[in-house]
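Chemist: My questions will all concern the structure given below.
The values are calculated or read from the model by the stated rules, or taken from the named source; none is laboratory data. Here the structure is a predicted model, which is why all the values come from computation and not from measurement. Note that we place each Cβ from the backbone using ideal geometry, even for glycine, and neighbour counts take in every protein chain shown. What goes into the accessible areas is simple: the full protein's heavy atoms, side chains included, and nothing from ligands, DNA or RNA. Shrake-Rupley method; radii C 1.70, N 1.55, O 1.52, S 1.80 Å.
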Amino acid sequence: YKLGDDYDPTDYMAAMEKANEWGHRIPIGIIYKEEKKTFRERLAIADEGPLVGRNINPAEYSFLLDEFR
């Protein structure tokens, strides 16, 4: 059966209940939806242009190496 307009796809617990319905009637439609930033929006450094040719200071990234020492 098609989910009605009164169904809230942002309610996680209700979505899990709908997803577990099985039998003679199976719900169809958007069962769960969560708005998130895209990968590109979360990776703000990409907005500054290509990484190739940038001047970087390796000392600023030493904390990354510390994890593996």
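Chemist: Not counting ligands, DNA or RNA, and with a 1.4 Å probe, what is Ile26's accessible surface area in Å² rounded to the nearest 10?
Modeler: 60 Å²
Chemist: Relative contact order, percent, of the chain when contacts are C-alpha pairs under 8 Å separated by at least 6 residues?
Modeler: 29 percent
Chemist: When the helices in the chain are scored as -39500 (n - 2.57) per DSSP H run of 4 or longer and the sum is shared across all residues, what 222 nm value do you end up with, to the nearest 500 deg cm²/dmol?
Modeler: Only helices count here, giving -5500 deg cm²/dmol.
Chemist: Still on this structure, please answer the following. Ignoring everything but the protein chains, give the 1.4 Å probe accessible area of Thr10 in square angstrom, nearest 10.
Modeler: Solvent-accessible area, nearest 10 Å²: 90 Å².
Chemist: Find the accessible area per residue for the chain; the probe is 1.4 Å, ligands and nucleic acids are left out, and the unit is Å².
Modeler: 97 Å²
Chemist: Still on this structure, I have one more. Out of the GluC sites (Glu not before Pro) in the chain, which ones are loop residues according to DSSP with at most 12 other C-beta atoms within 10 Å?
Modeler: Those that pass, being in a loop and sparsely packed, are Glu21, Glu34, Glu35, Glu67.
Chemist: Carbon and sulfur: what percent of the chain's accessible surface (1.4 Å probe)?
Modeler: In the chain, the share of accessible area belonging to carbon and sulfur is 56 percent.
Chemist: Please check the chain for the longest run free of chymotrypsin sites (Phe, Trp or Tyr not before Pro) that are loop-located per DSSP (anything but H, G, I, E, B) and have at most 11 other Cβ atoms within 10 Å.
Modeler: 23-67
Chemist: Can I get the semi-axes of the chain's equivalent ellipsoid? Compute them from the C-alpha gyration tensor as square roots of 5 times the eigenvalues, in angstrom, largest first.
Modeler: Value: 47, 16, 9 Å, ordered largest first.
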